[in-house]
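See structure below.
The values are calculated or read from the model by the stated rules, or taken from the named source; none is laboratory data. If you're wondering where the values come from, they're calculated on a predicted model, not measured in any experiment. We place every Cβ from the backbone using ideal geometry, glycine too, and count neighbours over all the protein chains shown. The area values use the complete protein model at the heavy-atom level, side chains included, leaving out ligands, DNA and RNA. Shrake-Rupley method; radii C 1.70, N 1.55, O 1.52, S 1.80 Å.
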Amino acid sequence: MSIETIAAEADAVTADALTRNVLIVGVGGQGVIMISKVLALLCQTQGLQVKQSEVHGMAKRGGVVFSHVRFGAKAGDPVWSPTIPMGEADVLIAMEWAEGVRWLPFLRADTGVFIADTQQVIPPFACRNRDFFAEPAYATETPSEIVGQVSDGFALDAGRMAEELGNARAANTILLGTLSASLDFPLDDWLSVLNQFVPKGTEEINRRAFLLGRDWVETPRENPAMPAPTPALPIARPGIDVRLEITRSWCKSCDICVKLCPERCLDLDDQQIVRLKDPDACTGCRICEWLCPDFAIAVHHETPERPHSA
Amino acid sequence: MNEITPDKFEIRDYLRLDLMPHFMCPGCGHGIALRALLWAVHELGIDKDNLAIVSGIGCSGRVGAYIDANTYHVTHGRPLAFATGLKLARPDLKVIVITGDGDCLAIGGNHLIHACRRNLDITCLMLNNEVYGMTGGQVSPTTAETRLTTTTPAGNSEPAFDACKLAEAAGAGLVGREVTMQTPALRNLIKEGLAYEGFSFLEVMSDCTEIYGRKNDLGDSAEMVLAQKSDMRPEAYTNSAEQPFRPNRLVTGILARNDRPEYGDTYRRQAAALCGEGDDAA
């Protein structure tokens, strides 16, 4: 293949008529990879070129999982890179609400389809306030806000729908059904490929979940974007009533507290004595107090630390 | 985060404030160990008047001096011998020995094995910083192989000691090890040791940042504390034929429990019996 041909083909790709991009995001255990495999195999059976690329490192600890699926618009169309550039995803499927919000910049601004499950999986690091029953710092965007921003948006409570169907783990299949309404493949092919991937004995429930998701899009409703989701949590960073008492004359500038503070809210001042640089970031976790060899830091919780234990 | 007691632990209540700030170098782990000890004392509700701290010579020996309790600063290597006499004469006191790796294993190694053998109700806290810090950084029994010190300029050629295995073999009632980074866990271990009826030997992995860390290029204080996090300086703990005493991984927590009769009871029964006989004969 000559350089000219490659350049010509690359030009054609940048004209972005040739590749369809589906970005699937979620957290560990939700079935992101399974959906992307179904989609990729389906594209193969249709004779299309397809590339799939995923990241699932910390999945078992509730970490982020995402999968890029790119396939040619028609047989023979090439797929060059396995990853989707920012702003070029035709469809963004989010199994988890905050992940969907986070990946929005990848969605094509003018024609992108946004499909999101409104269920919330709140990661441990969103629990900035370590008090019991404190509000976590989680995405505050509501489904109506987001769906209003994209060209075509569906936010459905797939987790609850799957539970009503009899198996909460079929939520990803519901979203796959929702996706199928946006892509131009025959329904029978979808179902046969799906059957190859689901565990033995769950074929029937997955088929019903798939059809439920597909019908959900096509069912006329007054406001398709608003399926009455769970209300978004309002507080992003709650103020925590913590006071750091620093005994300046005891500090020996050893730097342990500054480097080991999980919120990085301490630093050394011009006299090399520790100070609280960012009082709002301090969560009162006491690590600086415990690890100060010179007892220069004392953490005081102005409000009782554990209200229920008093 | 892990407070259990309703009233908060204030370390100032247990310190001799006129001596503060203490003399330890910046970033020295002994201060963290001292906090854990006082925290454990607080949570167990031990009265300061009934607390006797015996310490030897070295950096660790100075740790005891900052505690506002009955403290004794005795000759090199002999805190366990002193504490044995103290505990036998005053069994009502809670006796804690703070000692270092050189103090406990080199100069006082003899006293350690016999204190373990006797199983008298003493808590021995060995602050292990792998070096003689106060005297300028000489090699100690726990200095890992190949490490540089002022007396081993070409690297230490001797294998290092596993003090916990020694104490276990010598018959100590309770043997444990913890790192200073895990302050709440260290506090819990010291609480176990204090509550145990018998000799408890607790090894605290501390850091000498100024002398040992600097000479061996182990990073600044924070890096040395972080290095304790998991396998803790794995090169120092290889379980090869050359390092017969070292575990290949730094195991923490309670390592051995050897429930035997506490020596003080036996001693007092025998003393009472002898005194009784003496009275009858007179």
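Residues of segment A:262-295 that are in contact (Cβ under 8 Å) with a residue 24 or more places away in the chain, over 32 Å from the mean Cα position of the chain (by Cα) and at the interface with another protein chain (Cβ under 8 Å from one of its Cβ atoms): A:L291, A:C292, A:P293, A:D294, A:F295.
The single condition among (1) within 14 Å of another protein chain (Cβ to nearest Cβ); (2) open to solvent by less than 40 Å² (accessible area, probe 1.4 Å); (3) modelled with pLDDT of 85 or more that A:A158 does not meet is (1). Being within 12 Å of chain B (Cβ to nearest Cβ), at pLDDT 90 or above, open to solvent by 70 Å² or more (accessible area, probe 1.4 Å) and out of contact with any Lys or Arg (no Cβ under 7 Å at 6 or more places or on another chain) is a property that A:K259 has. Among residues that are part of a helix (DSSP H, G or I) and within 22 Å of A:E99 (Cβ to Cβ), A:L175 is included. Could you go through segment B:217-236 and let me know if any residue there is over 21 Å from the mean Cα position of the chain (by Cα), among the charged types (D, E, K, R), modelled with pLDDT of 65 or more and open to solvent by 80 Å² or more (accessible area, probe 1.4 Å). So far as segment B:217-236 goes, yes, one or more of its residues are over 21 Å from the mean Cα position of the chain (by Cα), among the charged types (D, E, K, R), modelled with pLDDT of 65 or more and open to solvent by 80 Å² or more (accessible area, probe 1.4 Å).
Specify which of the listed residues (B:A36, B:A52) is more than 21 Å from A:W290 (Cα to Cα) and among the aliphatic types (A, V, I, L, M). Result of the check over B:A36, B:A52: B:A52. One residue stands out among those in segment A:82-100 that are in contact with a helix residue (DSSP H, G or I) (Cβ under 9 Å, 6 or more places away or on another chain) and in a loop (DSSP other than H, G, I, E, B): the one that is farthest from A:D157 (Cα to Cα), which is A:P85. Would you confirm, using the coordinates I've provided, whether A:R306 is within 10 Å of chain B (Cβ to nearest Cβ) and at pLDDT below 90? Considered against the rule, which asks whether it is within 10 Å of chain B (Cβ to nearest Cβ) and at pLDDT below 90, A:R306 comes out as yes. All conditions but one from (1) touching a residue at least 60 places away in the same chain (Cβ under 8 Å); (2) surrounded by fewer than 19 Cβ atoms within 10 Å (Cβ to Cβ); (3) of a type in the set (G, A, S) apply to A:A94; the one that does not is (2). Scanning segment B:165-180 for residues that are assigned to a helix (DSSP H, G or I) and crowded, with 24+ Cβ neighbours inside 10 Å returns a single hit, B:A167.
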